Amino acid sequence: MTNSAGFHHVTLVSGDPKENVAFYTKVLGLRLIKKTVNFDDPGTWHLYYADETGRPGTVLTIFPFPNTPRAQPGPGFVRELRFAVGAGMLAFWHQRLLDLNVKTGSYTAFTGDKYLKFADPDGLPLAIIESQAGYEGYACEGLTSPQAIRGFAGMSLWAGRAGASARTLEALGFTQLTDTRFITQDHQVIDIEAGNGAPVGRSGAGSVHHVAFRASSDEQQAELVSQVRLLGLQVTEQVERNYFRSVYFREPSGILYEIATDDPGFLIDETAEELGAKLQLPPWFEQHRAEITNALAPLS
Ligand code: ZN
């Protein structure tokens, strides 16, 4: 049995990329580390936010489609995505979100954790939690490193088949804390909320497109795939994603999962200082750079 260390990245479907970039960089203070295109749809952006260098577990990526209808929340989707901050930072974030006119819930007690709920511009439910997960935060305008978001604290999954969804997290090597709660080696917490007959959700702006888990190497990825296949789930062949190599499968409640390698990472085509400065295309799209650039929606 091998264990995935935790989240590699989480990918969202969003609406207007301009609003999205403003929110995730200016309000949440994440760094836009990579501007590239959706490799399966190269006329659209694929934007990556993360800590300073894009370490696994801090990477949030978006597929923005301006004018796309909003998602319908429901089973088969991530219900809430949670970011980690250091101990004692919740009050700071509550005030910061109020100052920046982001509607927040008050601190909510949820299975013992204190956390701050809010939503992104497309209505995706987000929360900030004081957590041991993540790395030193990325200091930017208005945020010191100790105040900054440190990566993902975890998420809740809305699961029509809660038991089978739990078995899948087990097969990825996460530790079960309670019937409905798992923890990763990277200290992220995954909660499973039973669907209870609610109508299945629908993808759209403000939904999580997929959740990617870490593999330290191709060998570990292959072992994780074997563990998942033992549950009878269908996993794709490995796909080259330039910054990592991935396999994909749908878990039993319908959430799309990916297992992505830690290597080679985001420093293969830009230095740490330059990250996110220019449109980066994989070698197979480079000859179409001009057409691709013209098709992309403006970011500011
Ligand atoms: Zn992905």
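The values are calculated or read from the model by the stated rules, or taken from the named source; none is laboratory data. Bear in mind the structure is a predicted one, so any value in this text is a computation, not a measurement. Methodologically, a virtual Cβ is constructed for each residue, glycine included, from the backbone with ideal geometry; neighbour enumeration extends over all protein chains shown.
So the values come out like this:
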item: So D40, is it more than 26 Å from T144 (Cα to Cα) and within 16 Å of the ligand (Cβ to nearest atom); result: yes
item: Odd one out for H9 among (1) surrounded by 23 or more Cβ atoms within 10 Å (Cβ to Cβ); (2) away from the ligand (no atom under 14 Å from the Cβ); result: (2)
item: Matching entry among P64, P75 (being touching a residue at least 12 places away in the same chain (Cβ under 8 Å) and over 23 Å from D269 (Cα atoms)); result: P75
item: Residue pairs meeting the criteria (Cβ under 6 Å; at least 6 apart or on separate chains; first farther than 15 Å from L231 by Cα and within 14 Å of the ligand (Cβ to nearest atom), in region 253-266; second in a loop (DSSP other than H, G, I, E, B) and polar (S, T, N, Q)); result: D262/S216
item: Test result for Y49, more than 16 Å from the ligand (Cβ to nearest atom), among the hydroxyl-bearing types (S, T, Y) and outside any loop (DSSP other than H, G, I, E, B); result: no
item: Region 226-250, subset away from the ligand (no atom under 12 Å from the Cβ), outside any loop (DSSP other than H, G, I, E, B) and at pLDDT 95 or above, residue surrounded by the fewest Cβ atoms within 10 Å (Cβ to Cβ); result: S226
item: Residue check, F152 within 16 Å of the ligand (Cβ to nearest atom), touching a strand residue (DSSP E or B) at 6+ places or on another chain (Cβ under 9 Å) and in contact (Cβ under 8 Å) with a residue 60 or more places away in the chain; result: yes
item: Candidate set from region 189-225 (those that are more than 16 Å from the ligand (Cβ to nearest atom) and under 20 Å from R150 (Cα atoms)); member that is surrounded by the most Cβ atoms within 10 Å (Cβ to Cβ); result: I190
item: Subset of region 190-219 [more than 22 Å from T175 (Cβ to Cβ) and in contact with a strand residue (DSSP E or B) (Cβ under 7 Å, 6 or more places away or on another chain)]; result: G195, G201, R202, S203, G204, A205, G206, S207, V208, H209, H210, D218
item: Pairs with Cβ under 6 Å, 6+ apart, first in region 117-128 and touching a residue at least 24 places away in the same chain (Cβ under 8 Å), second among the aromatic types (F, W, Y) and assigned to a strand (DSSP E or B); result: L126/F118; A127/Y115; I128/F83
item: Qualifying residue in region 192-199 (condition: at pLDDT 95 or above, touching a Ser or Thr at 6+ places or on another chain (Cβ under 6 Å) and not in a strand (DSSP E or B)); result: no
item: Breaking point among (1) of a type in the set (S, T, N, Q); (2) surrounded by 21 or more Cβ atoms within 10 Å (Cβ to Cβ); (3) not in a loop (DSSP other than H, G, I, E, B), for S253; result: (3)
item: Sole exception among (1) of a type in the set (D, E); (2) in contact with a strand residue (DSSP E or B) (Cβ under 9 Å, 6 or more places away or on another chain); (3) at pLDDT below 95; (4) within 25 Å of F23 (Cβ to Cβ) for E136, by number; result: (2)
item: Test: residue in region 63-80 that is acidic (D, E) and surrounded by fewer than 21 Cβ atoms within 10 Å (Cβ to Cβ); result: no
item: Condition check for G173: part of a loop (DSSP other than H, G, I, E, B), modelled with pLDDT of 95 or more and either more than 16 Å from the ligand (Cβ to nearest atom) or within 21 Å of G57 (Cα to Cα) (or both); result: yes
item: Given (1) within 16 Å of the ligand (Cβ to nearest atom); (2) buried (at least 20 other Cβ atoms within 10 Å of the Cβ); (3) in contact (Cβ under 8 Å) with a residue 40 or more places away in the chain; (4) assigned to a strand (DSSP E or B), index of the condition G54 fails; result: (4)
item: Residue that is nearest to the ligand (Cβ to nearest atom) [pool: residues in region 16-36 that are crowded, with 22+ Cβ neighbours inside 10 Å and part of a loop (DSSP other than H, G, I, E, B)]; result: L30
